[in-house]
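A.B. asks: Quick one: the structure is below, questions incoming.
The values are calculated or read from the model by the stated rules, or taken from the named source; none is laboratory data. All of these numbers come straight from a predicted model, not from anything done at the bench. Here the Cβ positions follow ideal geometry from the backbone for every residue, glycine too, while neighbour counts run over all protein chains shown.
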Amino acid sequence: MTGIIVACVLLLSLGAAWLARVRSRHMSVETLLVADRALPAPMLFILTVGEIYSIGSIVAFPAGLYGHGVSYGYWFLGYLLLAFPVGYFVGPAIWQRAKQYDACTLPEVFGRHF
């Protein structure tokens, strides 16, 4: 029974991927990196924060505590308290430059700006 369920999910996934490929207008870097620029800013914010917090809380923080002891925990909390306010003020400027230079990645923004 489990094998049948796995096979059905696999076939449905392959079918969905095939339909997406057939119905796609064009394949470009923008399509892969920024969803063809169709996502609104709040959705990108939610996705980014979710990825940052899940990676930090599930992988990095416990591994750092295990490898380096409690002092790593103090460093990590200090990093969070300092890094996110800086990102709050610097992020909109990077966003504006990315739109200005039609860039998809952070290296493109800095490469075109400097």
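A.B. asks: Return yes or no: is Gly78 within 18 Å of Ile55 (Cα to Cα) and either surrounded by 11 or more Cβ atoms within 10 Å (Cβ to Cβ) or of a type outside the set (A, V, I, L, M, F, W, C) (or both)?
C.D. replies: yes
A.B. asks: Quick one: in the stretch 94-112, which of the residues that are loosely packed, with under 13 Cβ neighbours inside 10 Å and at pLDDT below 90 is nearest to Leu33 (Cα to Cα)?
C.D. replies: That would be Thr105.
A.B. asks: Within the stretch 1-44, track down each residue that is of a type in the set (Gly, Ala, Ser), within 17 Å of Thr105 (Cα to Cα), assigned to a helix (DSSP H, G or I) and free of Cβ contacts under 8 Å to residues at least 12 places away in the same chain.
C.D. replies: Answer for the stretch 1-44, where residues must be of a type in the set (Gly, Ala, Ser), within 17 Å of Thr105 (Cα to Cα), assigned to a helix (DSSP H, G or I) and free of Cβ contacts under 8 Å to residues at least 12 places away in the same chain: just Ala35.
A.B. asks: While we're looking at this one, here's another question. May I ask you to list pairs of residues, at least six apart or on different chains, whose Cβ atoms are under 9 Å apart, with the first in the stretch 66-90 being aliphatic (A, V, I, L, M) and the second being at pLDDT below 85 and assigned to a helix (DSSP H, G or I)?
C.D. replies: Leu80/Gly56
A.B. asks: Scan the stretch 1-56 for residues that are of a type in the set (S, T, N, Q) and surrounded by 10 or more Cβ atoms within 10 Å (Cβ to Cβ) and jot them down.
C.D. replies: Those that are of a type in the set (S, T, N, Q) and surrounded by 10 or more Cβ atoms within 10 Å (Cβ to Cβ): Ser13, Ser24, Ser28, Thr31, Thr48, Ser54.
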